[in-house]
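Enquirer: Starting off with a structure, shown below.
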Amino acid sequence: MPELPEVETVRRELDPRVRGRKVLEAGSHPSAKFVPAVDTIGASLTHADRRGKFLLLPLDDARELVIHLGMTGKLSFSDTPADPEDPYLRAWWRLAENHTAPEQTLRFHDVRRFGRIRVVPAGDYSSIPTLANAGPEPWDPVLTPQLFHSLIKKSKRAIKTQLLSQRPIAGVGNIYADEALWAAQINPKVTRLGLDRAGMLLEELRDVLEKGVENGGTTLRDYRNVDGGTGENQHSLVAYGRGGQPCLRCDSTLTSAVLDARTTVWCPNCQRR
DNA sequence: CCAGCAGCCTGAAAGC
DNA sequence: TGCTTTCAGGCTGCTG
C-alpha cells in the first residue's frame with residue numbers, strides 16, 4: 001500500500017530518469033483507469049513531482065501526467081519494448097533517449113488495478129477530488145500546529161478517519177496513521193483534539209513519514225521501488241500489523257479492530273480515549 | 001457540503 | 001488434499 005514514503009521513494013528514482021524524455025509511443029489496458037496514458041504521446045516529460053500519494057509528471061505542453069499507484073502499482077524501466085503477454089501490465093510509455101539513458105520503456109504494473117492514470121491541464125486537479133482537496137504536505141512550512149488543529153476541527157469524524165481522508169495532511173495511509181497515533185499516544189477513535197495534542201500528532205506524523213522515506217518505504221508484500229527492490233521500513237513498525245502482540249511502550253496487548261473498513265491497531269492502555 | 005458506504009480488483013492465507 | 005471464503009485497503013461515485 002504505497003503511502004507518502006513509498007511514493008516519494010519512487011519519485012526520487014523517477015525524476016532523473018524521466019527528465020526531458022519524449023513519449024514516442026504508449027499503450028494501456030482497456031480500462032478507463034489506464035487509457036489516458038496514451039494521451040501523452042508526442043509530449044516530453046519534464047520532471048517527477050509528488051503531492052500526497054499522487055505522482056505528478058509534468059509535460060512540456062502545459063499538461064500533467066498523474067499516476068496513483070493504488071495498492072499494487074509498480075513503475076519500472078526496461079530497454080526492451082513492452083511485453084504484450086505480461087498479464088499485469090496496465091500501461092507503458094516508450095521514452096526517447098536523453099543524455100543519461102538510451103531509449104527505454106517505462107512500465108506500469110498493477111495486479112489489482114486499484115491504480116489510476118490521468119492526464120490533466122497543469123495544476124488543474126478538479127477531476128481528481130482527493131488530490132484537489134488534499135491538505136498541506138507534511139513538511140510545508142504553512143502546516144503549523146494551529147493550522148493542523150483547525151483542519152481537524154472542521155470534521156467530527158474519528159482522527160484516524162480524518163488522517164486517511166488526506167484533508168488535514170497529505171500522504172498518510174493506514175500504516176503510517178497507526179504508527180503516528182501510537183507514537184503520539186492518541187486513540188484512533190478520538191474525535192476531538194486540543195491544540196497541544198494536535199501539535200504532538202503532527203510532530204509524530206512528520207517523524208514516522210521521514211523515517212519511512214529514509215528507509216526507502218515499507219514493503220509488506222507488494223511494494224517495490226523503480227529498481228524492483230524492497231523498502232526496509234517494515235522492520236521499524238511498532239503498531240501496524242502487531243495486533244495481539246505486546247505494546248513496546250507498556251507491554252499491554254495491542255488491540256486490533258476494524259475502523260472505516262481498515263484494520264487499526266492501538267494500545268488500549270497508553271492510547272486511551 | 002459532508003457522512004456513510006458499496007464497488008473496484010486479485011493473490012495469498014485461512015477455513016472447512 | 002482441494003475447494004471456498006476471507007482478507008488486504010485507497011479512492012471514486014452514489015445516496016441521504
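The values are calculated or read from the model by the stated rules, or taken from the named source; none is laboratory data. These figures come from a predicted structure and were not determined experimentally. All Cβ positions, even for glycine, are placed from backbone atoms using ideal geometry, and neighbour counts span all protein chains on display.
Enquirer: Any residue at all in the range A:32-44 that's farther than 24 Å from A:Pro121 by Cβ and either surrounded by fewer than 22 Cβ atoms within 10 Å (Cβ to Cβ) or of a type in the set (A, V, I, L, M) (or both)?
Expert: No, the range A:32-44 has no match at all.
Enquirer: Collect the residues in the range A:217-273 that are closer than 17 Å to A:Lys189 by Cβ, among the basic types (Lys, Arg) and more than 16 Å from DNA strand C (Cβ to nearest atom), keeping them in residue-number order.
Expert: A:Arg272, A:Arg273
Enquirer: Looking at (1) under 28 Å from A:His68 (Cα atoms); (2) within 14 Å of DNA strand B (Cβ to nearest atom); (3) outside any helix (DSSP H, G or I); (4) not hydroxyl-bearing (Ser, Thr, Tyr), find the lone condition where A:Lys160 falls short.
Expert: Failing condition for A:Lys160: (3).
Enquirer: Would you check if there is a residue in the range A:102-109 being in the same structural domain as A:Thr9 (by TED's automatic domain parsing), within 16 Å of DNA strand C (Cβ to nearest atom) and buried (at least 18 other Cβ atoms within 10 Å of the Cβ)?
Expert: The answer is yes; a qualifying residue exists.
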